[in-house]
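**Q** Here it is, the structure in full.
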Amino acid sequence: MSLKCGIVGLPNVGKSTLFNAITKAGIAAQNYPFCTIEPNVGIVEVPDLRLEVIAEIAQPQKVVPAVVEFVDIAGLVAGASKGEGLGNKFLANIRETDAIAHVVRCFDDANVVHVAGKVDPVSDIETINTELALADLESVERQLGKYEKVAQAGGDKEAQRLVAALKKVRTVLDRGGPARSAELSREERAVLQPVFLLTMKPSMYVANVGENGSRAALEAVAAYARQEGAPVVPISAALESQIADMSDEDKKLFLEDMGMDEPGLNRVVRAAYQLLGLQTYFTA
């Protein structure tokens, strides 16, 4: 079974355009909020030149590449943790994924509405991250209310471990940080797994630069991501969507003209695969 990477972000930042290009699914990508309500799901092969070389040598009857499952989740808005903009439903969709690809708008286009009325990628990132952290804080407080008295009674060692881990996470969330940045042992991370904390999931940023992308906006995203130790993949979702629709021959010529070795989407898929902590083993 493939692991899931959820594509998240504010409305109209290019999530569905990116998803369409990656999966060639043709899901509606419209210029208005909440175009995507039910999450769209697509299974994508991980580009790997090593597999092609090995297949040529081994000549197997069947070649089965590694895959990543992408989930296109509707745009979150400020107040999502309190149910704004169908927030509860969308947060539940994120909870079911294993990693997060956060699409950030880094382009200006008067024809594409921005929910905040301006392009400010760091503010956009903080809006989403704040909503995820607030949702996690609510989950942590609920779990503490359920298990703290049991742990204090002294008989349930598992409850004691859970409460200790929850308190460490609460301290980080109170400071505005993600749960994954808490100093937790492997045992503590394991005991927290059933809580399904959103900010415990590994995260990457996809900077949607557009064809007239702002270098300053991209650099701002990169600087923010460095603080978290998160990878950043800059692409133009609209351009990648055009490339995805080309024939193999036209695609090759176009990439050569653009001075590109491969579509930017390949980098997104590989980054998601690495983010999920997956390793490839070749068998024949």
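The values are calculated or read from the model by the stated rules, or taken from the named source; none is laboratory data. The structure displayed is predicted, hence computed values, not measured ones. Positions of Cβ are generated from backbone atoms using ideal geometry, with glycine treated the same way; all protein chains shown enter the neighbour counts.
**Q** Identify, by number, the condition in (1) surrounded by 21 or more Cβ atoms within 10 Å (Cβ to Cβ); (2) out of contact with any strand residue (DSSP E or B) (no Cβ under 7 Å at 6 or more places or on another chain) that Leu184 doesn't meet.
**A** Going through (1) surrounded by 21 or more Cβ atoms within 10 Å (Cβ to Cβ); (2) out of contact with any strand residue (DSSP E or B) (no Cβ under 7 Å at 6 or more places or on another chain) one by one, Leu184 breaks only (1).
**Q** If the requirement is being in a strand (DSSP E or B) and among the hydrophobic types (A, V, I, L, M, F, W, C), which of these qualifies: Val163, Val206? Step through it out loud before you land on a result.
**A** Numbers: Val163 fails: in a strand (DSSP E or B).
Among Val163, Val206, only Val206 is in a strand (DSSP E or B) and among the hydrophobic types (A, V, I, L, M, F, W, C).
**Q** Of all residues in segment 42-76, how many are among the polar types (S, T, N, Q) and closer than 23 Å to Ala272 by Cβ?
**A** Applying the first criterion (among the polar types (S, T, N, Q)) to segment 42-76 yields 59, 61.
After this cut, where a residue has to be closer than 23 Å to Ala272 by Cβ as well, the list is none.
Selection size over segment 42-76: 0.
**Q** Is there any pair with a first residue in segment 183-202 that is closer than 18 Å to Gln160 by Cα and modelled with pLDDT under 95 and a second that is polar (S, T, N, Q) and buried (at least 18 other Cβ atoms within 10 Å of the Cβ) whose Cβ atoms are under 8 Å apart and which are 6 or more apart or on different chains, and what are they?
**A** From segment 183-202, the pairs are Val195/Ser139; Val195/Gln143.
**Q** Just the residues that are assigned to a loop (DSSP other than H, G, I, E, B) and among the aliphatic types (A, V, I, L, M), please, taken from segment 180-203. Lay out the reasoning, then the answer.
**A** Step one: filter segment 180-203 for residues assigned to a loop (DSSP other than H, G, I, E, B), giving 182-185, 196-197, 201-202.
Correct list: Ala182, Leu184, Leu197.
**Q** Pairs under 7 Å by beta carbon, first residue touching a residue at least 24 places away in the same chain (Cβ under 8 Å) and under 30 Å from Gly277 (Cβ atoms) in segment 92-113, partner in a loop (DSSP other than H, G, I, E, B) and of a type in the set (Val, Ile, Thr), six or more apart or different chains?
**A** Filtered contacts from segment 92-113: Asn93/Ile73; Ile94/Ile73; Val103/Val13; Val104/Val13; Arg105/Val13; Arg105/Val119; Cys106/Val209.
**Q** In addition: Could you tell me which residue of segment 121-147 is farthest from Val206 (Cα to Cα), considering only residues that are among the acidic types (Asp, Glu) and buried (at least 17 other Cβ atoms within 10 Å of the Cβ)? Reasoning before the result, please.
**A** First, pick out the residues of segment 121-147 that are among the acidic types (Asp, Glu): 124, 126, 131, 136, 138, 141.
Then keep just the ones that are buried (at least 17 other Cβ atoms within 10 Å of the Cβ); that gives 124, 131, 136.
Working: Asp124: 13, Glu131: 19, Asp136: 23 Å.
Within segment 121-147, the match that is farthest from Val206 (Cα to Cα) is Asp136.
**Q** Can you tell me how many residues in segment 170-179 are assigned to a helix (DSSP H, G or I) and closer than 15 Å to Pro202 by Cα? Steps first, answer last, please.
**A** We begin by selecting, within segment 170-179, every residue assigned to a helix (DSSP H, G or I); these are 170-174, 179.
Okay, now just the ones that are also closer than 15 Å to Pro202 by Cα, so 179.
Residues flagged as assigned to a helix (DSSP H, G or I) and closer than 15 Å to Pro202 by Cα within segment 170-179 amount to 1.
**Q** If you check Gly264 against the conditions, is it in contact with a strand residue (DSSP E or B) (Cβ under 6 Å, 6 or more places away or on another chain) and either of a type outside the set (D, E, K, R) or surrounded by fewer than 19 Cβ atoms within 10 Å (Cβ to Cβ) (or both)? Walk me through how you get there before you give the answer.
**A** Details: in contact with a strand residue (DSSP E or B) (Cβ under 6 Å, 6 or more places away or on another chain): yes; either of a type outside the set (D, E, K, R) or surrounded by fewer than 19 Cβ atoms within 10 Å (Cβ to Cβ) (or both): yes.
When the stated conditions are applied, Gly264 passes them.
**Q** A follow-up question, please. Go through segment 86-101 and give me each residue that's modelled with pLDDT of 85 or more and either in a loop (DSSP other than H, G, I, E, B) or over 26 Å from Val268 (Cα atoms) (or both).
**A** Glu96, Thr97, Asp98
**Q** Report every pair of residues separated by at least 6 positions or lying on different chains whose Cβ atoms are under 7 Å apart, first residue within segment 163-175 and without any contact (Cβ under 8 Å) to a residue 12 or more places away in the chain, second in a loop (DSSP other than H, G, I, E, B) and not β-branched (Val, Ile, Thr).
**A** Final answer for the pair search is Val172/Ala182.
**Q** Report yes if Ala238 is within 22 Å of the chain's Cα centre (by Cα), under 22 Å from Asp120 (Cα atoms) and not in a helix (DSSP H, G or I), otherwise no. Quick ask: steps written out before the conclusion?
**A** Working: within 22 Å of the chain's Cα centre (by Cα): yes; under 22 Å from Asp120 (Cα atoms): yes; not in a helix (DSSP H, G or I): no.
Taking the combined requirement at face value, the residue does not satisfy it.
**Q** Checking the condition assigned to a helix (DSSP H, G or I), closer than 27 Å to Phe90 by Cα and touching a strand residue (DSSP E or B) at 6+ places or on another chain (Cβ under 6 Å), which residue from Ala225, Ala217 passes?
**A** Only one candidate qualifies: Ala225.
**Q** If you go through segment 193-205 one residue at a time, do you hit one that is in contact with a strand residue (DSSP E or B) (Cβ under 8 Å, 6 or more places away or on another chain), closer than 28 Å to Pro11 by Cβ and small (Gly, Ala, Ser)?
**A** yes
**Q** Count, please, the residues in segment 192-207 that happen to be crowded, with 21+ Cβ neighbours inside 10 Å and more than 17 Å from Ile73 (Cβ to Cβ).
**A** 2
**Q** Given the condition surrounded by 19 or more Cβ atoms within 10 Å (Cβ to Cβ) and over 23 Å from Phe70 (Cβ atoms), answer yes or no: does some residue in segment 222-241 qualify?
**A** So far as segment 222-241 goes, no, none of its residues is surrounded by 19 or more Cβ atoms within 10 Å (Cβ to Cβ) and over 23 Å from Phe70 (Cβ atoms).
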